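Taking it in order: structure first as structure tokens, then the write-up.
Since every read-out is calculated from the coordinates, none of them should be taken as a lab result. These numbers come from a predicted model, not from an experiment. Cβ coordinates were reconstructed from backbone atoms using ideal geometry, including for glycine residues, and neighbour counts include every protein chain displayed.
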Amino acid sequence: MEQLVLDMGVVGRPNLDNFCAGANEAVLSHLRLWLGQSGGLQRSPVPTYLWGASGSGKTHLLKAVLVALQARGLLLGWLDGGEETPVEFNERWVAVLLDDVHAYGVSQQQTAFNWFVNAQTQQIPVLAAGSLPPADLKLRDDLRTRLGWGHVFALQTLSESERRAVLTANAQARGIVLRPEVLDFMLTRFSRDLGSLMELLDLMDAYALQTRRAVTIPLIKTMMDNA
């Protein structure tokens, strides 16, 4: 059989509607309001900080806000742990987004602090996320205190039953039947965070269509062998 080339990085664009809130409904409601205010240029100096374990949806939420604002043609600042050469603060930004703040090095902390000060001066909202509560972040004091000054939300990961329900519902929407043994295989052999599981579902769907086979454990194993 001809080997099929699979893009293991293919994921749908994040948005607030495809975020599975679970116990995080208050966070989702807050961000809908935040996004409406920021997009409508109703400025506020009060920051919002999200924290939680890997897979709790922090980056999904920040990127959902990024995508929504960019779709309106608005400019904003984005800084994450992988940015080597951050740009200067831009007064035309409508918001500042800081992701993975727990991973910031010295130069990134300096940039984040500079952006934060300028944003607060001009009442531009700041939305940030990290893996730890503000008090536990290993950051410079002036940045850490600013991150914890405003709205702080602790994100909860979905329970296993919620993950199963989300995967089943998304599979059904694609016309896929996920049998219990397939769900068990997905949850025990792959990363358990929902973003990775949804990416896996995307790949399974595409591979099943290409091979004209039902989604089974043998299909998943063959798919991974051919990736």
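Restricting the range 212-227 to residues that are under 28 Å from the mean Cα position of the chain (by Cα) and in a loop (DSSP other than H, G, I, E, B) leaves a set whose member that is farthest from GLY175 (Cα to Cα) is ALA227. Of the residues making up the range 92-109, those that are over 25 Å from SER54 (Cα atoms) and either touching a strand residue (DSSP E or B) at 6+ places or on another chain (Cβ under 8 Å) or touching a residue at least 24 places away in the same chain (Cβ under 8 Å) (or both) are TRP93, VAL94.
I'd like to know if the range 21-28 contains one or more residues that are more than 30 Å from ALA165 (Cβ to Cβ) and part of a loop (DSSP other than H, G, I, E, B). Scanning the range 21-28 turns up no residue that is more than 30 Å from ALA165 (Cβ to Cβ) and part of a loop (DSSP other than H, G, I, E, B). If I filter the range 146-160 for residues that are of a type in the set (D, E, K, R) and free of Cβ contacts under 8 Å to residues at least 24 places away in the same chain, do I get at least one hit? No: zero hits. Considering every residue within the range 179-202, establish whether at least one is small (Gly, Ala, Ser) and over 17 Å from the mean Cα position of the chain (by Cα). Scanning the range 179-202 turns up no residue that is small (Gly, Ala, Ser) and over 17 Å from the mean Cα position of the chain (by Cα).
Tallying residues that are part of a helix (DSSP H, G or I), in contact with a helix residue (DSSP H, G or I) (Cβ under 7 Å, 6 or more places away or on another chain) and among the charged types (D, E, K, R) within the range 170-193 yields 1.
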